[in-house]
Amino acid sequence: MDAVIYARISRDAEGTSLGVNRQLEDCRQAASARGWTVVHEYVENDTSATRAKVRPQYQQMLRDLANGIAGALIVWDVDRLTRTPRELEDVIDLADAHSIALVSIGGEIDLATPQGRMTARIKGSVARHETDQMARRIRRKQRERAEQGLPNGLCPFGWRRVYDDQGRRAGSRDVAYAPEAEQIRDGVSRLLAGESVRSIAMRWNTEGLPTQRGNGWRTGTVRQTLRRAANAGLREHKGEIFPSDVIEPLITEDELHRVRALLADPGRRVQHGTTPAYLLTGIAECGRCGGKMRYLKPRGRHNIPSYGCRDCTRVARSMGLVDAVVEGAILGRLQRPDVLETLPTMDPKRGDDLRSQAEALEAKLSEAADLFTAGTITGEQLSRITAGVRPQLERTRAQLADLTPASAAAAIAGDDAVARWEDATLLVKREIVDTLMTVTILPAGPGRGRDPESVKIEWKA
């Protein structure tokens, strides 16, 4: 009789395939002892038999058996074939329809008889129970590691793990890896200063540091990276935040909350249509009628780009002159020693109140999780509590972030203001101008078209 062999192992951490090789050898011996000819071997290494996992070789085997490739199927044990009762019933139906013998190393199971089918179902049920128990233990272990603040899985972008001379991990602390850590800090600073996630992704790709898996940066990947709890030295597990002594923080918790609030804000401004191409279009005002100044193409004897009022059509000025006056005023302000004291700041009492609210809401979520772990409440009750509290927490964090206006200006201010200004995107520059000043272009008499005093600046703060 012709036979096929199916071999599978759930995990092959070392990539040696020793598990499936042992299964194959035992199955070949079983076929030889019965005088059967093995016509095909289906092998899946490092693959789970749970319902959620796709097993290409398993699916191909079922198709081949249905097409008559063999009259017998040899497996090391039923749990190597499947761990779900539903899949087992499919195998039983297939064996019944095509008279296929099922043999396991522990003994032949005749699926054509009630006794054989009962044996297979018992083995399958036991295997499923073991799978469920293993999953439960893994979930419990993952939560325990989270509660202890221990990292899980691959070392994330921004850190490195320390190993000894034998290649064994030395301790459990993830230490910051300077090039990647600085990239994260820079990304957070740019995001809070008003730069878009897309712009940050483009910048990171240009700078040449790939993701942890060696891929290029996409907006979704940048978003996930910037909002990670680990950035602030915290451990997150299924939406819960735990303190950690083993993850070196790259940013402050306040910065993390501001990043998350900004990225979660449904009202966050999104650029639609044409992105502004000039510093002051739609921001500078006409000194004659109050209309917004627009870009005027070079034409006539002057042939230079200009800002002009399209409402009254009576005021226009050289773009180079106006931009130079405005940028000079901005940089003069941002380089002052007391600049941070002069920028708008949050109301301290309001900030303290919002922080207290956020801490209380976080405590509610943590308490609910503890009650669920202790078995006091059900998963459904935990979900309802989370669904009610988490939106309140996000709103509170967003309000806290909104209490710090002029963040773009604050990010650029200081001794390096000129370099930071030159490195900033146009959108960030426009936000700074619009936040700090009102620019009015005054009508100019004969010979005053190049007069800097025809550009009036009024500070908002």
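Derivation of every value follows stated rules applied to the coordinates shown; laboratory data play no part. Small disclaimer: the values here were computed from a predicted structure and weren't measured. Backbone-built Cβ (ideal geometry, glycine too); neighbour counts: all protein chains shown.
Here are the numbers for this structure:
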quantity	calculated
Modelled FRET efficiency - R0 51 Å, Arg198 with Ala363, Cβ distances, 0.05 increments	0.90
Gain in span if fully extended, Met1 to Arg336, counting 0.36 nm per residue against the direct Cα distance	111.6 nm
For a label point 7 Å along the Cα-to-beta-carbon line of Asp415, residues of the stretch 306-338 with backbone N under 18 Å	332-338
3J(HN,Hα) from dihedral phi, the stretch 38-44, Karplus parametrisation 6.51/-1.76/1.60, rounded to Hz, x for glycine, proline	7, 9, 6, 10, 9, 10, 10
HN-Hα J in Hz across the stretch 418-428 - Karplus 6.51, -1.76, 1.60, θ = phi - 60°, x for Gly and Pro	5, 5, 5, 4, 5, 7, 6, 6, 4, 4, 5
Hits among aspartates and glutamates - C-alpha to C-alpha of Lys123 under 20 Å, sequence gap 8 or more where chains match	Asp26, Asp77, Asp79, Glu87, Glu89, Asp90, Asp93, Asp96, Glu108, Asp110, Asp132
Percent RCO, i.e. relative contact order, over the stretch 285-459, from Cα pairs under 8 Å lying at least 6 residues apart	28 percent
Distance in nm between pseudo-label sites at Asn215 and Leu296 (7 Å out along the Cβ direction from Cα)	5.0 nm
Estimated vicinal HN-Hα couplings, Hz - the stretch 93-105 in sequence order (Karplus 6.51, -1.76, 1.60; Gly, Pro = x)	4, 5, 5, 5, 6, 10, 6, 9, 7, 10, 10, 10, 4
Stretch gain in nm, segment Leu382-Asp423, where the contour uses 0.36 nm per residue and the Cα spacing is subtracted	10.1 nm
Contour excess over end-to-end distance, with Cα ends at Arg28 and Leu371 and 0.36 nm allotted per residue	118.3 nm
Listed peptides 211-217, 367-373 by packing density, highest first (mean Cβ within 10 Å)	367-373, 211-217
Label point at Thr37 placed 7 Å out along Cα→Cβ; residues across the stretch 61-85 whose backbone nitrogen lies under 15 Å	69-72
Inter-site label distance for Ser356 and Arg288 at 7 Å from Cα along Cβ, in nm	5.7 nm
Estimated FRET transfer efficiency (Glu248, Arg223; beta-carbon r; R0 25 Å; 0.05)	0.65
FRET efficiency, Asp186 to Asp311 (Cβ-Cβ, R0 45 Å, nearest 0.05)	0.65
Long-range HN-HN contacts of Asp2 with modeled amide H, under 5 Å	Thr37, Gly71
Hits among aspartates and glutamates - C-alpha to C-alpha of Lys429 under 18 Å, sequence gap 8 or more where chains match	Asp186, Glu195, Glu285, Asp323, Glu327, Asp415, Asp416, Glu458
